[in-house]
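The values are calculated or read from the model by the stated rules, or taken from the named source; none is laboratory data. Please read all numbers here as calculations on a predicted model, not as lab measurements. In this analysis, Cβ positions are derived from the backbone assuming ideal geometry, glycine residues included, and neighbour counts consider all displayed protein chains. Keep in mind that these areas ignore ligands, DNA and RNA; they rest on the heavy atoms of the full protein, side chains included. Shrake-Rupley method; radii C 1.70, N 1.55, O 1.52, S 1.80 Å.
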Amino acid sequence: MSTESRIVIDLDVPGPTISRHLYGHFAEHLGRCVYDGFYVGESSSLPNEGGIRLDVVDALRALNIPNLRWPGGCFADEYHWMNGIGPLADRPGMVNTNWGNVVENNHFGTHEFMALCELLGAEPYVNGNVGSGTVQEMSDWVEYLTRDGDSPMVRLRRANGRDEAWKVPYWGIGNEAWGCGGNLSAEAYVELARRYATFCKDHDGNKLYRIAAGASDHDLAWTEALMKAISSLGGEPRNLFQAVSVHYYTVLGTWEHKGSATDFDLDDYYRTMIKAQDIDRVLTGHSTVMDAYDPQRRIGLVLDEWGTWWDVEPGTNPGFLYQQNALRDALVASLHFDVFHRHAERLVMANIAQTVNVLQAMLLTDDTGGLVLTPTYHVFEMNKGHHDATSVPVHLVDRQAPYELDGKNLELLSASASVKGDHALVSITNLDPAASAEVVLDLRGATIRDHRGRLLTAPELQAHNSMADPQAVVPVALTGIAEDDRGLRLTLPPHSFATIDLDL
Ligand code: AHR
């Protein structure tokens, strides 16, 4: 079975820049993301630099990770950074009450995180502790990381082996303050956050981009309270906060029964995609509230947690959030990116939760040196050409009727496009689980000199990569792209994601 659609792309109508930061990442002290994921310790038999696993770094370098958020999440609001500096043997432990109640030894701390960012070529996004920390503690952390010259914190940093100040642009003022970050009301949080933001200073050449802890899902009242507080500060509204965040997970069912990552039926698939597609309504809702207070769009919206959230894999610690990652997850990711590209004027950053071994991960590892690239990894890699490119309008015309389930509609084709220099990249997702999509790409406003296509699909939506079968879902060349008097004609198999690279 197949359907025919036309996608019109205006290559000469520049829209907003798609910040590379929309492809950001998140690494929390949670389960096996940091420990046994990124960090195996210097005594490990696995190749490492300062304890950081080098095959993990190599695999992630191919994604050009623009920024990495750390140390949480919920963990951020119980993390005391001073316990994570100095000789490992002297670092006190703590209980990670949010994630498995395990003892955290603080061996991965500030210096290790900054070394990881340097290895990855990623900009650091540090999330500070508002919930159980102090204003002084956060202010000292900023000074420790970013100040040059001489000061108490600079001396401490130097005593710990780092002479030069780092650049740390992105700073989170707490996390999920309505929940694990303190169970605060929006009004209480903004009063508190203003004090924290005031004492997080710009030292020397380091200009902080302070991100206020934002809402979840459709909680527009929280964003409204933040925006009211930010814009009532007087003068330039970007003085204290440069952005507000929002979190949105693709989760089905209840928190107790979210369903399996790999064992699901067709209705589960459709419901997943309907839920994923709702990211558009979430971003539109928060952006609309922000527009009322900041019509010039100077305050950024940061989706610093997103992705699928399934039941943990059988037999694993429920507090570790370890899940498999199937072709379905990859399509959730490609759908999100199309939406992100359309919101690129207000949406300045997004961070997938989380990079290694937790939730919708890029990589799954084991302690014997196994490493698997997930289907989601491949979407990030195939979409790299959109980083810092100019988005261009995409119009889906002559398309088939949406699929309807539970009174909700799902568009079965999704696409976005961008232009950078003499290249354009078109991303297309065919969400139809049974029918191929015959697509005419009606390319207006430029001459196409050459084209190459790549395809990510598998016989089953449940297909996934594992240690035993790491290549079950990998990108291949998309063949059969034909020239048409309007542009190009191509066929996307059922449940597939494709990128078309155009030389202009
Ligand atoms: O990503 C896992 C958790 O989800 C984060 O710690 C928290 O911010 C969110 O609820």
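Some notes on this structure:
- Accessible area of region 362-504 belonging to carbon and sulfur atoms, whole % at 1.4 Å probe: 49 percent
- Cβ-Cβ FRET estimate between ASP367 and ASP268, R0 fixed at 25 Å, reported to 0.05: 0.20
- Sum of side-chain charges, ASP338 neighbourhood, beta-carbon under 11 Å (Lys, Arg +1; Asp, Glu -1): -1
- Basic side chains Lys and Arg get +1 at the Cβ, acidic Asp and Glu get -1 at the Cβ, and with that the dipole of region 313-405 about its Cα centre reaches some 220 debye.
- 3J(HN,Hα) along region 107-119: 6, 9, x, 4, 5, 5, 5, 5, 5, 4, 4, 5, 5 Hz, from the Karplus curve 6.51 cos²θ - 1.76 cosθ + 1.60 with θ = phi - 60°, whole Hz, x for Gly and Pro.
- Spin-label model distance (nm) - THR198 vs GLU4, 7 Å beyond Cα toward Cβ: 6.7 nm
- When the Cα positions of ILE9, LEU396, ALA361 are compared along the charge dipole of the chain, ILE9 comes out farthest toward the positive end, with charges on each C-beta of Lys, Arg, Asp and Glu.
- The magnitude of the dipole of the chain, with charges of +1 and -1 set on the Cβ of Lys/Arg and Asp/Glu and taken from the Cα centre, is near 1080 debye.
- Prolate/oblate/rounded call for region 353-488, Cα gyration tensor, a/c under 1.5 rounded: prolate
- Put a plus charge on the Cβ of each Lys and Arg, a minus charge on the Cβ of each Asp and Glu, and nothing anywhere else: the dipole of region 221-334 about its Cα centre is then about 480 debye.
- Among the trypsin sites (Lys or Arg not before Pro) within region 316-395, not one is in coil by DSSP while having at most 12 neighbouring Cβ atoms inside 10 Å.
- Using the 1.4 Å probe convention, the accessible area of the chain works out to 37 Å² per residue with neighbouring protein chains retained.
- Share of carbon and sulfur in the accessible heavy-atom surface of region 237-310 [1.4 Å probe, %]: 50 percent
- Charged neighbours of ILE18, selected by a Cβ distance under 12 Å, balance to +1 (K, R count +1; D, E count -1).
- Set of region 415-458 residues, backbone N closer than 15 Å to the point 7 Å along the Cα-Cβ line of VAL476: 453-458
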